[in-house]
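One structure below.
The values are calculated or read from the model by the stated rules, or taken from the named source; none is laboratory data. Owing to the predicted nature of the structure, the values given are computational and were not obtained by experimental measurement. Because the Cβ atoms are built from the backbone with ideal geometry, glycine has one as well, and the counts that use them run over all protein chains shown. Accessible surface is based on the protein model in full, side chains and every heavy atom, while ligands, DNA and RNA are left aside. Shrake-Rupley method; radii C 1.70, N 1.55, O 1.52, S 1.80 Å.
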Amino acid sequence: MNNDHQLCCFLKLTRLMKREAQKKIAYSTGIDISLISRFEKGKRVPTDKQTQKLLAFYGTDPETFFREDENIENILNNLFEAIYYAKDYDLREQIVLSIANQIDKTHYYPYYCLLCFCHYASKEKIKNARRYFLSLTKTIDMFTHDLKALFYIFSMLYYVDLRHIKEFELSTNKIIPSKIVNQRILALYHYSQIYISPNHSDMFEILMHYTECRSQFEKDHNHRRLMMLNIVIANAYSALNRIKESIEKDLETLTMLKEDDEPSWKYTIQHNLACSYLQL
């Protein structure tokens, strides 16, 4: 995002997150409410004086807001990496808390909100995820395509049970794979397509996504996501009544288990195998 775009996104997302009314902001800053609405939509850029007033309302200033901060960037990158590698929830939460007090006064705040949503959604912390989700749905179109894709991927994977996204196609159609630059986000996109595709496509398409996804996970030595991927593909085989192939994939996954892997994975695989053998 350029500076103007960063500011517009910040103004709208922050107001929604803090549940402020545009009327209150207009009264406090002396800026007409119609202008505030246009600023938030990116249809008009605030003057330097207006920028200063609006940022002051949120407890910051232009110098703090626009400053590039390598420390913040590194922490946000570490959070994304922890989400991508499906690291333990407690580790990710430590990263979130370590930056919470400084991020909301900078242009990094929207990206932070997005990663917090992904973090909590993947752990099914519904109350925490909802806090970010509702505001992000109203601002996500202002993000880059990669970040927009990340939002819809995690919405499809973990958050659809809240019925905010009524159709899988609604979120899927907003993602154009060829426009995704970050290869890890692209791998997560393919993973999400396997997750939802038993109800929508044939096994040829599922395996195409599987191949692309597995290739990136193996390249990154992403053991946890590989385990999750194998469990999902076994379920896809089962959903399409290809029971023997489902069993083969589950047996392969059992051989991949390590001592420090989550015990629930072993129980899940054994349960799936039991169901598959009963179907046979």
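Can you tell me which residues in the stretch 213-235 are within 15 Å of Ile194 (Cβ to Cβ), basic (Lys, Arg) and either open to solvent by 20 Å² or more (accessible area, probe 1.4 Å) or in a loop (DSSP other than H, G, I, E, B) (or both)?
Arg214 - this is the single residue of the stretch 213-235 that is within 15 Å of Ile194 (Cβ to Cβ), basic (Lys, Arg) and either open to solvent by 20 Å² or more (accessible area, probe 1.4 Å) or in a loop (DSSP other than H, G, I, E, B) (or both).
Any residue in the stretch 59-68 that is of a type in the set (Val, Ile, Thr), within 30 Å of Phe154 (Cβ to Cβ) and not in a helix (DSSP H, G or I)? Talk me through it step by step, then tell me what you get.
Narrowing the stretch 59-68 to residues of a type in the set (Val, Ile, Thr): 60, 64.
Checking which are within 30 Å of Phe154 (Cβ to Cβ) leaves us with 60, 64.
From what is left, the residues that are not in a helix (DSSP H, G or I) are 60.
Yes, there is a match, as at least one residue in the stretch 59-68 is of a type in the set (Val, Ile, Thr), within 30 Å of Phe154 (Cβ to Cβ) and not in a helix (DSSP H, G or I).
If the requirement is being touching a Ser or Thr at 6+ places or on another chain (Cβ under 9 Å), open to solvent by 40 Å² or more (accessible area, probe 1.4 Å), closer than 29 Å to Tyr189 by Cβ and basic (Lys, Arg), which of these qualifies: Lys53, Lys87, Lys41, Lys12? Before you say what the answer is, go through the steps one by one.
On the way: Lys53 fails: closer than 29 Å to Tyr189 by Cβ; Lys87 fails: touching a Ser or Thr at 6+ places or on another chain (Cβ under 9 Å); Lys41 fails: touching a Ser or Thr at 6+ places or on another chain (Cβ under 9 Å).
That would be Lys12, the only listed residue that is touching a Ser or Thr at 6+ places or on another chain (Cβ under 9 Å), open to solvent by 40 Å² or more (accessible area, probe 1.4 Å), closer than 29 Å to Tyr189 by Cβ and basic (Lys, Arg).
For the stretch 236-250: of the residues being in a helix (DSSP H, G or I) and surrounded by fewer than 18 Cβ atoms within 10 Å (Cβ to Cβ), which is modelled with the lowest pLDDT?
Ala239
In the stretch 62-72, what residues are closer than 18 Å to His5 by Cα and exposed (fewer than 14 other Cβ atoms within 10 Å of the Cβ)?
Listed by number, the residues that qualify are Glu63, Arg67, Glu68.
For the stretch 268-278, does any single residue satisfy the condition of being in a helix (DSSP H, G or I) and small (Gly, Ala, Ser)? Give the derivation first.
Within the stretch 268-278, the first condition is being in a helix (DSSP H, G or I), and the residues that meet it are 268-278.
Now restrict to residues that are small (Gly, Ala, Ser): 274, 276.
There is at least one residue in the stretch 268-278 that is in a helix (DSSP H, G or I) and small (Gly, Ala, Ser).
Residue by residue through the stretch 251-280, note down the ones that are without any contact (Cβ under 8 Å) to a residue 24 or more places away in the chain, within 22 Å of Ala239 (Cβ to Cβ) and open to solvent by less than 100 Å² (accessible area, probe 1.4 Å). Step through it out loud before you land on a result.
Initial filter on the stretch 251-280 (without any contact (Cβ under 8 Å) to a residue 24 or more places away in the chain): 251-252, 254-255, 259-260, 262-264, 266-267, 270-271, 274, 278.
Applying the additional criterion that residues be within 22 Å of Ala239 (Cβ to Cβ) yields 251-252, 254, 264, 266-267, 270-271, 274, 278.
Leu251, Glu252, Leu254, Ser264, Lys266, Gln270, Ala274 - these are the residues of the stretch 251-280 that are without any contact (Cβ under 8 Å) to a residue 24 or more places away in the chain, within 22 Å of Ala239 (Cβ to Cβ) and open to solvent by less than 100 Å² (accessible area, probe 1.4 Å).
Conditions (1) open to solvent by 20 Å² or more (accessible area, probe 1.4 Å); (2) touching a residue at least 60 places away in the same chain (Cβ under 8 Å), marked per residue:
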position	(1), (2)
Glu93	yes, no
Ser98	yes, no
Lys125	yes, no
Ala129	no, no
Thr139	no, yes
His145	yes, no
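Which residues, counting only those in the stretch 189-212, are at pLDDT below 85 and open to solvent by 70 Å² or more (accessible area, probe 1.4 Å)?
Result: Tyr195, Asn199, His200, Asp202.
Condition (residue is open to solvent by 30 Å² or more (accessible area, probe 1.4 Å), under 19 Å from Leu136 (Cβ atoms) and part of a loop (DSSP other than H, G, I, E, B)) applied to the stretch 15-29: is it met by at least one residue? Walk me through it before giving the result.
Going residue by residue through the stretch 15-29, those that are open to solvent by 30 Å² or more (accessible area, probe 1.4 Å) are 15-16, 18-24, 27-28.
If we keep only those that are under 19 Å from Leu136 (Cβ atoms) as well, we get 15-16, 18-20, 22.
After this cut, where a residue has to be part of a loop (DSSP other than H, G, I, E, B) as well, the list is 19-20.
Checked against the condition, which is being open to solvent by 30 Å² or more (accessible area, probe 1.4 Å), under 19 Å from Leu136 (Cβ atoms) and part of a loop (DSSP other than H, G, I, E, B), the stretch 15-29 yields at least one hit.
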